[in-house]
Amino acid sequence: MTPSDYEYLRKLLKDHSGLDLSADKQYLIESRLLPLVRKAGLAGLPELVQKMKAGSAALVAQVAEAMTTNETFFFRDKVPFQHFRDTIMPEILRTRAGRKSVRIWCAAGSTGQEPYSLAMCLKEMGSSLSGWRIEILATDLSQEVLEKSRSGIYSQFEVQRGLPIQLLVKYFKQTGELWQINADIRAMVQHRQLNLLHDFSQLGLFDVIFCRNVLIYFDQDTKTSVLGRLARTIEADGFLVLGAAETVVGLTEAFKPAADRRGLYRPGNSRVLMARPAVTLATAPRLTAMAGG
Ligand SMILES: C[S@@+](CC[C@H](N)C(=O)[O-])C[C@H]1O[C@@H](n2cnc3c(N)ncnc32)[C@H](O)[C@@H]1O
């Protein structure tokens, strides 16, 4: 790949998906894009770049998808899910007791292990959520990971990563060498393709946002922009959960770290308050009535 092809791809990825590659990541581009080159029957990366320059939007989307890192696993890092169980949901149960509903957004949900981990946590809460409307929205840039997430089908290796055996037995069915998460858990999660670089104000307000292990791929300005827009998409007393290597510190005043809760953030006082966008049943992702237990 020539230096100018590399610069072209670097800029395109930054503009399209926010991916901020340093000048020495040619190997990453090559290892991620060569399978795509072969699949498309092209001679090599220069031909791919040529086709992209000629204006193939579909190819640009495929290249951006191929460059995403989709690494995830059930109950990844454990601590965020402890916060969810022990801090977030007890407060939600108290503060939302009147309306009995909770909206949760997994803003880069990848292949589903994160949103389904949250759904299992909620199921495990049993009758305390009886009669509540639970919405978990899983979004991602990549259609491919969303398809896998929707299917809820995982390999033996994937269900052995982070998922306690009791939850595997309770919430999954084995088919041959694969495991599928049960339909009632799948029904708790709604999926949508969404690029965090684009406007997402139409989603309405969320009580809880998990936005983990995606900001790390963005440059400072993009992180600040996404965090600012997340602040306008979260209830004033909501909860933001970031990945272990991510923070709001030095980027925005719109969120403040929660005391003694690593990775957990609350909207700050300087948060730009907006009128709650009108989300109707027609425009809102499906709300799932949860019987509890
Ligand atoms: C490393 S995974 C993190 C998955 C999960 N949140 C976790 O922590 O286990 C990062 C995900 O971010 C998605 N992603 C990358 N850029 C994005 C963007 N601009 N908008 C939305 N999702 C994006 C990728 O497709 C990928 O699935």
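The values are calculated or read from the model by the stated rules, or taken from the named source; none is laboratory data. Bear in mind the structure is a predicted one, so any value in this text is a computation, not a measurement. Cβ placement follows ideal geometry from the backbone for every residue including glycine, while neighbour counts extend to all protein chains displayed. These area figures cover heavy atoms from the full protein model, side chains too; ligands, DNA and RNA do not enter into them. Shrake-Rupley method; radii C 1.70, N 1.55, O 1.52, S 1.80 Å.
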Expected output is a single nm value to one decimal: the length gained when fully extending between Ser127 and Glu253, i.e. 0.36 nm times separation in residues minus the C-alpha distance. What is it? 41.6 nm
For Gln202 and Ser56 in the same chain, what is the full-extension length gain: residue separation times 0.36 nm, less their Cα-Cα distance, in nm? 49.8 nm
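Would you please give the FRET efficiency between Asp260 and Ala43, computed as 1/(1 + (r/R0)^6) with r the Cβ-Cβ distance and R0 = 45 Å, to the nearest 0.05?
Computed FRET efficiency for Asp260 and Ala43 comes out at 0.20.
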Please give the per residue accessible area of the chain, computed with a probe of 1.4 Å over protein heavy atoms only, in Å². 47
Rounded to the nearest angstrom and ordered from largest down, what semi-axes does the equivalent ellipsoid of segment 101-213 get from its C-alpha gyration tensor (root of 5λ)? 23, 19, 11
Probe radius 1.4 Å, ligands and nucleic acids ignored: give me the carbon and sulfur share of the accessible area of the chain as a rounded percent. 54
Sequence ranges 50-63, 109-122, 11-24, 136-149, ranked by mean other-Cβ count within 10 angstrom, highest first: 109-122, 136-149, 11-24, 50-63
Highest-fluctuation residue, Phe81, Phe210, Phe157 considered, GNM on the chain with Cα pairs under 10 Å: Phe157
Anchor Lys53: aspartates and glutamates whose Cα lies under 12 Å away (excluding residues fewer than 8 positions away in-chain): Asp5
Note on the chain: C-alpha Rg/Rh, Kirkwood Rh, two decimals, gives 0.98
Quick one: compute the contact order of the chain, relative version, from alpha carbon pairs under 8 angstrom and 6+ residues apart, as a percent. 19
If each DSSP helix of 4+ residues adds -39,500 (n - 2.57) and the sum is divided by the residues in the chain, what number results at 222 nm, nearest 500 deg cm²/dmol? -10500 deg cm²/dmol
Given Cβ point charges of +1 (Lys, Arg) and -1 (Asp, Glu) and nothing else, what value in debye, to the nearest 20, does the dipole of segment 161-266 about its Cα centre take? 300
Points 7 angstrom from Cα along the Cβ direction at Asn195 and Asn269: gap in nanometres? 3.8
Where the centroid of each part is defined by its Cα atoms, how far is segment 33-79 from segment 111-160 in Å? 25
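Determine the relative contact order of segment 41-128: mean sequence separation of Cα pairs under 8 Å and six or more apart, normalised by residue count, in whole percent. Before the final figure, lay out the partial values.
Details: 33 pairs, mean separation 28.7, N = 88.
Relative contact order here is 33 percent.
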Lys170 versus Ala187: modelled label distance in nm, points set 7 Å from Cα along the beta carbon direction: 1.9
Working out 0.36 nm times the residue gap between Lys148 and Glu7, then minus their Cα-Cα distance, what length gain in nm do you get to one decimal? 47.6 nm
Per-residue HN-Hα couplings for segment 70-77 [Karplus 6.51, -1.76, 1.60; θ = phi - 60°; Hz; x = Gly/Pro]: 9, 3, 6, 7, 4, 6, 4, 6
